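Shown next, in structure tokens, is the structure this report addresses.
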Amino acid sequence: MNSNTAAAPSAFESYVSDPAKPVPYLPRPIHIEGDEGETNWQTWLVSDQRDAAARTDVLSFATPALKDAVKISGEPVANLVASTSGTDGDFVVKLLDVYPDEVGREPKMGGYQLMISADILRGRYRDSFSNPKAIPADQKQVYRFALPTANHVFLPGHRIMVQVQSSWFPVYDRNPQSYVENIFFAKPADYRKATIKIFDGGSNASFVDLPVVRAAVAAP
């Protein structure tokens, strides 16, 4: 996939994650009730992700417009090769279906970024959930985790997008980005900005493994 930023010879994209300005799960202000009386919580999983994509602390990677339909069924698996200037951090990966800029009978869906599957991994648990440990600062680490099962067809003219960010507030609590034994007891001084690098070039590039369903070939 191509990044939404210019290709860099260093083969990585970077952003600064600030715990004081976390990425919200919905654009602010977040209302208790929507226009038709439904709570945002009931529909946020299918809300437009363009607001997140416009932030400087969210990376977006997208394919060109698809020429053929792509069907997936199963668990997408994120394989991030990343580093952080901190000693802990979160990695959120979102798989999106980006609609064409113009959708004939549904103009409101033009350019819509529909979330298909998404999840988070707290960096301290990258090797084991029972044995958390600090992240070595500014060193490449592999963060591999499965996203929720998805059954979806990306239609021709649509694009497949992956967004990467380091907060998803308040769905998940803010990470101090400095390692502490128990985040619930983190002190204000523990919450620090961190520079995150996502490596997207070379033999060890990050990727998302999609459970693509291949069309059956009829017997002659």
Discussion item. More than 21 angstrom separation, counting every C-alpha pair in the stretch 35-125; what % is that?
Written reply: 46
Practice prompt. Please report, in whole Å, how far the alpha carbons of the stretch 45-180 spread along each principal axis, starting with the longest.
Written response: 52, 28, 24
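If the only charges are +1 at each Lys and Arg Cβ and -1 at each Asp and Glu Cβ, what is the size of the charge dipole of the stretch 45-124 around the Cα centre, to the nearest 20 debye? Display every interim value, and only then the final one.
Working: 9 positive and 12 negative charges, 12 e Å.
In total the dipole reaches around 60 debye.
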Fill in: Solvent exposure ordering (accessible area, 1.4 Å, most first) of F91, F184, F145
F184, F145, F91
Worksheet item: Label F207 and K21 with points 7 Å out from Cα along Cα→Cβ: what is the distance between them in nm?
Response: 3.4
Discussion item. Please report the accessible area of M109 (heavy atoms, 1.4 Å probe, ligands and nucleic acids excluded) in Å², nearest 10.
Written reply: 40
Worksheet item: What order do R174, R124 take when sorted by accessible area (1.4 Å probe), most exposed first?
Response: R174, R124
Worksheet item: So how do H152, H158 rank on accessible area, 1.4 Å probe, biggest first, that is with the largest at the start?
Response: H152, H158
Item to complete: Two decimals is fine: what's Rg over Rh for the stretch 61-113, C-alpha atoms, Kirkwood radius as Rh?
Response: 1.10
Worksheet entry | Environment charge at P132 (Cβ cut-off 14 Å; Lys +1, Arg +1, Asp -1, Glu -1) | 0
Item to complete: Multiply the residue gap between V77 and Y172 by 0.36 nm, knock off their C-alpha separation, and tell me the result in nm, one decimal place.
Response: 32.2 nm
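The values are calculated or read from the model by the stated rules, or taken from the named source; none is laboratory data. Small disclaimer: the values here were computed from a predicted structure and weren't measured. Using ideal geometry, Cβ is built from the backbone for each residue, glycine included, and neighbour counts are taken over all protein chains shown. Remember, those area values only see protein heavy atoms, side chains included, never the ligands or the DNA or RNA. Shrake-Rupley method; radii C 1.70, N 1.55, O 1.52, S 1.80 Å.
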